[in-house]
Structure formats: structure tokens, C-alpha cells
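Asks: I have a structure I would like to understand better, so I am pasting it below and will then ask my questions one at a time.
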Amino acid sequence: MADETPENQETDEATETAKAAAADAEKALEAIEAEAAAELPADDVEAAVPVPATAVKSTKAAEPEDTGRANRRKVREGIVVSDAMTSTVVVAVVDRVRHPKYGKTVQRTKKLYVHDAEDTAKVGDRVRVQETRPLSKLKRWRLTEVVERAR
């Protein structure tokens, strides 16, 4: 055949050498993984999963230290405008936002229905509320604390 030229023999030898090097690398990687698995305790799952160094730095900076959860719930502060319902208060939260076109600061008021199990909040109190799962048709917030009592 015409394939038996010296050039083809050189490429075949190079291919074989590359395949052998790849096989050696795979064996070395398997040995390192087996050694690492033997050193780790069985219940240390986080250490067993390799994480890039850049990912570790970014998650530590973004994650608050005081909570165990990765995604904290929204917290708002507002004034109680109604406490007529049982274990529910209506809180008006005022947001100051800049108008996108004109740049003027505008106040936007949003009414939140807040779960108050002990009925501690009264009209005029400044309260802190936290987002929670849906408790009823409109209630998605719960009372965290009464910051300031009404006079």
C-alpha cells in the first residue's frame, strides 16, 4: 500500500505516543482521586466535591455570616395603617425612587398585609417585617419586631 511511507510511520508513532501519554495521565488522575477519597472522612461531603478557588471566594463574600441560608428573605420597615383584622396588620412601606427620565425623587407607597400572631402592633407603630411563604390570599409577610411604638 502507499500508506507505508516514512511520513505516515512517523505520524502513527506520534499518535501512539500521545495515546500512551493520555493513558498514563488518566491512571495518575485515578490514583490521586483514590488517595484523596481515602483521606477524607465519609461524612465530609463538601470537602469531597472539588470547588474552584474563585467560586469559594465569591460565595463567602456574598453570603452573610449570621445566617445559615444562602438566600435571605426581604426585610422592610413601615408604618402600621390598620389593625382591624385578627392576627393581620396592614403596613405602608414608603420607597424613595428616582424618576428614570426626569431624575426627581418620588415616593412610592406599597401596602403589605402582615401576619401578627400576637396582635402586638397598633396603628401608627413603626414595624419591621420579613418576607415569608403565602399565608393567605394577600398575606406574604410576617411581623419581625415593633421598632417604635406610636405616641
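The values are calculated or read from the model by the stated rules, or taken from the named source; none is laboratory data. In this text, all values refer to a predicted model and were calculated from it rather than measured experimentally. No Cβ is skipped: glycine too gets one built from the backbone with ideal geometry, and neighbour counts run over all protein chains shown.
For every residue, the table says whether it meets (1) in contact with a helix residue (DSSP H, G or I) (Cβ under 8 Å, 6 or more places away or on another chain); (2) in a strand (DSSP E or B); (3) surrounded by 13 or more Cβ atoms within 10 Å (Cβ to Cβ); (4) hydrophobic (A, V, I, L, M, F, W, C).
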| residue | (1), (2), (3), (4) |
| --- | --- |
| Ile79 | no, yes, yes, yes |
| Val94 | no, yes, no, yes |
| Tyr102 | no, no, no, no |
| Tyr113 | no, yes, yes, no |
| Asp119 | no, no, yes, no |
| Arg128 | no, yes, yes, no |
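Asks: Now a separate question. In segment 130-148, how many residues are of a type in the set (D, E, K, R), in a strand (DSSP E or B) and within 24 Å of the chain's Cα centre (by Cα)?
Replies: Count: 4.
Asks: For residues that are surrounded by 12 or more Cβ atoms within 10 Å (Cβ to Cβ) and over 16 Å from Asp83 (Cβ atoms), tally how many sit in segment 130-144.
Replies: Within segment 130-144, residues that are surrounded by 12 or more Cβ atoms within 10 Å (Cβ to Cβ) and over 16 Å from Asp83 (Cβ atoms) number 6.
Asks: Quick one: Arg73 ticks every box in (1) farther than 24 Å from Arg151 by Cβ; (2) modelled with pLDDT of 95 or more; (3) surrounded by 13 or more Cβ atoms within 10 Å (Cβ to Cβ) bar one, so which box is it?
Replies: Of everything listed in (1) farther than 24 Å from Arg151 by Cβ; (2) modelled with pLDDT of 95 or more; (3) surrounded by 13 or more Cβ atoms within 10 Å (Cβ to Cβ), Arg73 misses just condition (2).
Asks: State yes or no: is Gln107 exposed (fewer than 10 other Cβ atoms within 10 Å of the Cβ), outside any loop (DSSP other than H, G, I, E, B) and at negative phi?
Replies: yes
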